[in-house]
Amino acid sequence: MSYPYQINSFDEYQSAWKKSVEDPAGFWGDIAQHFQWKKPWETVLEWNFKDPSIKWFSGAQLNITENCIDRHLADKANQPAIIWEPNDPKEHHRMLTYAQLHLKVNQFAHVLKNNGVKKGDRVCIYMGMIPELAIAVLGCARAGAVHSVVFGGFSAQSIADRLQDAQAEFVITCDGAFRGAKDIPLKNVIDDALISCPFVKRVIVYTHTRSAVSMIKGRDVWWEDEVRKVETAGNPDFPAEVMEAEDPLFILYTSGSTGKPKGVVHSCGGYMVYTNYTFINVFQYKSQEVHFCTADIGWITGHSYILYGPLSAGATTLIFEGIPTYPDAGRFWDIVDKFKVNILYTAPTAIRSLMAFGLGHLQNKDLSSLRVLGTVGEPINEEAWHWYDEHIGKKRCPIVDTWWQTETGGVLISNMAGITPSKPSYATLPMPGVQPILVDEKGDEILENNVTGNLCIKTPWPATIRTTYGDHERCRTNYFATYENLYFTGDGAFRDENGYYRITGRVDDVLNVSGHRIGTAEVENAINMHAGVVESAVVGYPHDVKGQGIYAYVIYNGTHGDEAMVRKDITATVSRIIGPIAKPDKIQLVPGLPKTRSGKIMRRILRKIAEGEIENLGDTSTLLDPLVVEEIKKGRI
Ligand code: WT7
C-alpha cells in the first residue's frame, strides 16, 4: 500500500500546510476518505474553544479496529503486525501477523462481552509490555469500551484514584511484569488498589511471569480460561461495535499543575485520522518497514505510535518488554540488528543514558537497516542529538524531533524525515493542520521571529483533547481559558529566523523527569502524607540523564530517626502514594520556606537554589522572612 496523502517534498509540505489552514474541512475530509467508515460524516469540523466544543467528522460511524486490522487482511494477512521482544533475550520472541492479531482481538472482545463489558464502559488496563496488552487495548476498542491504560510504574493508590475517577468496573492485568532484573507483581498491586474500589466487578488476569496471585472468587478470572470458553463456543468473529466519530476511544491520565491527574479523553474518528497521518508523514513510513517505538504503551506515545498510528497504516510495530540497559546497554542495538529495524523512536533520556555507557556496546551491531531516527518527550540537547546522529544513524538517517503532548494525541511540531529540514534541538515546523503561535504574558501574539513566548495553538487539529473525564470545566480552565480562543500548551518556545520552533520546556509547575510528566503539587501532596512532614515544596533542577530531577524542600518536625532515615521514609511514602517514578532525587530538610507576606511560596528562589545559582536570587524584598533563604542556602544538597 502506498499512502496517497504522504508528503514527498518540502514544496508539497508547504502547500499542504497552506491548504490545511485555508480549508481545514477540505484538507482533512480528503485524507479521511482513505479510511473505512461505516457511515460517512455530515460535517468535517465544528468547533469553539470557548466551551470548548470540538467535533470532527460529526455523524460518521466507524470502529478503529477495522481500520487497524480488518482492512489490512486482504493484502497483509501474513505480514507481522506485532513483533514482540521479551525482557530476557534468551526467551523466544513472538510475532503476530495481521490475521493472528485479528483472531486474538476478536476473541478478546468476546471475553469482554462475556464478562459484562458494554459499549461505553471504562476498562482499566494495568499490564507489562506484552502482546496481550495490545490485544486488551484493541479488544476494548472493538467492543466499544473506553480503555484507560495505567503505566506499570504507578502505585496501588494511583490506580485506585484513576479507577474511582473513571468509575471503571473492569480491570485487565497480568500476574506480573519483567523489567530488567525486576519482576513486578502487578496483580498484587491491583489487589491493594481494589480495597478502596469495591465497585470493580471483574478482573481479568493474564499469566505471564507465573508468580503467585490471589484469585478472588466471583471477581477474578483467568484470561486463558475465558479465551478457551470463546474457542469452545466456536464464534471467533466479533462484529465491531458501531462507534460515533466523537464517541470516546480512551482516557489517559496525565499530570498537571494541580495535585490530581486529569483523565484526558480522545475520541474515535479524529484521533484515528491524525495518528495515522502523522505516523505516515513524520516517519515517512514505507510499506513492510519495521517500526520500533521504545515508549511504554502506558503513555500517549505508546498509544499513538506503537499501536494506533502504525497499525492503522498496516505497519509492523515492535513491542519491547524490557529496558535499554538489560542485560546490558547494547540491548536496543541488539534488537535493531535482530529484527532489521528501520525506524527507531525513543526519548532523549534513553539516548543520554546509553551515551554514558560508551561506544563499546555498539561494537559488532549491524545498524544498517535504520533509515529514520526519532525523539520525543523532552528537549534534546545538542550533544545527545549529535551522538544519535553519528553513532546510531551513522549520519545517514534523518532525526525527527517530535513535539507533542498527551492532550494533543499526536505530533504537532516536527520535521518530516528527509522531507523538511532538521535543526539540532529544534522540533522545527508545524504539521499540516497545526497553527502554533507565541504569546506574551498578556496573551498578545508575538509576531516577530527570534523570540521566546508561551506556545499556543490557534485552531483544532483532529486529535485535540475533547474533555477531561467527568469534569469538562477542568478541561476548559486548564487549556482553553489562560488565553482567549487559544489552546495553551503549558510550554515555552523560541522561534528562529526561519520560523522553526525550539521547545524550551514547561512554563507551569509540571516536571519532565526522564520524559515522564510529574506535577510538583502531586509530589508535594505525597510528601505531605508522611506523618512527620509539616510542609513541603518541590521544584525541578537540571539532571544530566533524566533531563530534570526532583528536588524537595521539606519542613519536618517528627522525631523518628536521623536525617538519612527520614529521607528514606519520605521517599518510601512518595513511592507508596504515586509510584517509584516520582521519588525525589534530593530531599533537603529546611526550617522554613521562603514565603511572601500573603503566604505564597516563592518557587523561583527555590528553583534557583536547586539549580545551584545561589548568588543571584533576584528580588527577595517581598519575603516574610528573608533569613530563611540563608538557612536553605547553607543546607543545599
Ligand atoms: C510534554 C508533554 C508527547 C509524548 C511524550 C510526552 C514535553 C514532548 C517534546 C520535544 C521538547 C517535549 C513538553 C510537553 N515534550 N516532546 N520533542 N521537545 N519537549 O507526553 O507526558 O504529555 O508530556 O513533554 O514539555 O508539554 P506528555
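Nothing in this text is a laboratory measurement; each read-out follows from the coordinates by a stated rule. Just so it is clear, the model here is predicted, and its values are computed rather than measured. FYI the Cβ positions are ideal-geometry reconstructions off the backbone, even for glycines, and counts take in every protein chain you see.
Below is a table of values for the structure above.
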{"quantity": "Estimated distance in nm for a label pair at Ala74 and Lys118, the labels positioned 7 Å out from Cα along Cα-to-Cβ", "calculated": "3.6"}
{"quantity": "Rg to Rh quotient for region 324-368, alpha carbon positions, Kirkwood Rh", "calculated": "0.93"}
{"quantity": "For Arg202, distant residues with modelled amide H under 5 Å away", "calculated": "Val171"}
{"quantity": "Ser621-Asp225 FRET efficiency (beta carbon distance; Förster radius 56 Å; 0.05 resolution)", "calculated": "0.20"}
{"quantity": "Computed [θ] at 222 nm, deg cm²/dmol, the chain (DSSP H ≥ 4; -39,500 (n - 2.57); rounded to nearest 500)", "calculated": "-8000 deg cm²/dmol"}
{"quantity": "For region 289-329 and region 381-458, distance of Cα centres in Å", "calculated": "21"}
{"quantity": "Charge dipole (debye, nearest 20) of region 411-560; +1 at Cβ of Lys and Arg, -1 at Cβ of Asp and Glu", "calculated": "480"}
{"quantity": "D_trans [Stokes-Einstein, Kirkwood Rh over alpha-carbon pairs] for region 328-479, 37 °C, 0.692 mPa s, µm² s⁻¹", "calculated": "188"}
{"quantity": "Convex hull of region 10-408 built on C-alpha atoms - directionally averaged projected area, nm²", "calculated": "20.3"}
{"quantity": "Kirkwood Rh in Å, taken over all unlike Cα pairs in region 214-286", "calculated": "16.7"}
{"quantity": "Karplus 3J(HN,Hα) series, Hz, for region 219-228 with 6.51 cos²θ - 1.76 cosθ + 1.60 (x for Gly, Pro)", "calculated": "10, 9, 10, 7, 3, 4, 4, 5, 5, 4"}
{"quantity": "Charge dipole of region 539-637 about the Cα centre (unit charges at C-beta), most positive-ward option of Pro626, Val574, Tyr551", "calculated": "Val574"}
{"quantity": "Only Lys, Arg (+1) and Asp, Glu (-1) charged, at Cβ; the chain dipole about Cα centre in debye", "calculated": "900"}
{"quantity": "Descending semi-axes in Å of region 162-314, equivalent ellipsoid built from Cα gyration tensor", "calculated": "29, 21, 19"}
{"quantity": "DSSP-defined antiparallel bridges as percent of all bridges, the chain, nearest 5", "calculated": "60"}
{"quantity": "Principal axes of region 449-493: Cα extent on each, largest first, Å", "calculated": "41, 21, 16"}
{"quantity": "P(r) of region 525-634 over all Cα-Cα pairs, binned every 5 Å from zero, in whole percent", "calculated": "2, 12, 22, 23, 20, 14, 7, 1"}
{"quantity": "Cβ crowding within 10 Å averaged over residues, with 398-404, 93-99, 576-582 ranked highest first", "calculated": "398-404, 576-582, 93-99"}
{"quantity": "Positive-end extreme of charge dipole, the chain - chosen from Ile280, Phe154, Phe108 (charges on Cβ)", "calculated": "Phe108"}
{"quantity": "Selection of GluC sites (Glu not before Pro), region 16-106, meeting DSSP coil and at most 16 other Cβ within 10 Å", "calculated": "Glu42, Glu91"}
{"quantity": "Members of Lys113/Lys229; Lys395/Lys423; Lys119/Lys217; Lys187/Lys217; Lys182/Lys568 lying beyond 18 Å, as alpha-carbon distances in this model show", "calculated": "Lys119/Lys217; Lys182/Lys568"}
{"quantity": "Positive-end residue of Gly612, Gly358, Leu455, charge dipole of the chain with Cβ unit charges", "calculated": "Gly358"}
{"quantity": "Packing-based order for 596-606, 178-188, using average beta carbon neighbours within 10 Å, highest first", "calculated": "178-188, 596-606"}
{"quantity": "D (Stokes-Einstein, µm²/s), Kirkwood Cα radius, region 279-385, 1.306 mPa s at 10 °C", "calculated": "112"}
{"quantity": "Kirkwood-based shape ratio for region 276-319, expressed as Rg/Rh from alpha carbons", "calculated": "0.92"}
{"quantity": "Val149 long-range amide H proximity, modeled H, under 5 Å", "calculated": "Ile125, Ile251"}
{"quantity": "Taking N as its residue count, the alpha carbon Rg of region 4-115 over 2.2 N^0.38 Å", "calculated": "1.47"}
{"quantity": "For region 223-273 and region 149-202, distance of Cα centres in Å", "calculated": "17"}
{"quantity": "Ranked packing of 423-433, 472-482, most packed first, by mean Cβ within 10 Å", "calculated": "423-433, 472-482"}
{"quantity": "Neighbour-limited loop hits for trypsin sites (Lys or Arg not before Pro), region 268-360 (at most 11 other Cβ within 10 Å; DSSP other than H, G, I, E, B)", "calculated": "none"}
{"quantity": "For region 253-362, size of Cβ-based charge dipole, Lys and Arg +1, Asp and Glu -1, in debye", "calculated": "260"}
{"quantity": "Rough spin-label spacing in nm, given labels placed 7 Å along Cα→Cβ, for Glu441 and Gln167", "calculated": "4.3"}
{"quantity": "For region 7-18, Karplus couplings with θ = phi - 60° (6.51, -1.76, 1.60), whole Hz, Gly/Pro x", "calculated": "7, 10, 7, 4, 4, 4, 4, 5, 6, 5, 4, 4"}
{"quantity": "Length-normalised contact order of the chain in % [C-alpha pairs under 8 Å, at least 6 apart]", "calculated": "12"}
